[in-house]
Amino acid sequence: MAFSHFARGAIRVAAAPLVLGAVGFTSAGIAAGSWAAGMMSAAAVANGGAVAAGSTVAVLQAAGAAGLGAAGTAAAAGTGAGTLAGLAAIII
């Protein structure tokens, strides 16, 4: 089944919060033992013990905690959809 560009964007926007929560980026923080926790640990080790502001982990956690916002919605709806589409491809 082929979807229009608009439909694919709408699906990505709707799926993004579900995917973020499924991998451990939740409104309560990063879920212990989740894929997100492993990602956070690796980022912290690579950065000398802290997760860098603006890093992929930081951005995904912000989106998981507070929702996507306008910029995140636009990114998720975009053609590439970047990291969110990659996460969706892993889960779905």
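Structure summary
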read-out: Candidate set from the stretch 41-77 (those that are of a type in the set (S, T, N, Q) and either more than 13 Å from the chain's Cα centre (by Cα) or surrounded by fewer than 16 Cβ atoms within 10 Å (Cβ to Cβ) (or both)); member that is modelled with the highest pLDDT; value: 41
read-out: Sole exception among (1) in a loop (DSSP other than H, G, I, E, B); (2) closer than 20 Å to residue 17 by Cβ for residue 65, by number; value: (1)
read-out: In the stretch 30-43, the residues that are outside any loop (DSSP other than H, G, I, E, B) and over 15 Å from residue 59 (Cβ atoms); value: 35, 37, 38, 41, 42
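The values are calculated or read from the model by the stated rules, or taken from the named source; none is laboratory data. Fair warning: this is a prediction, and the values are worked out from it, not measured in the lab. Cβ atoms come from the backbone with ideal geometry, glycine included; neighbour counts cover every protein chain shown.
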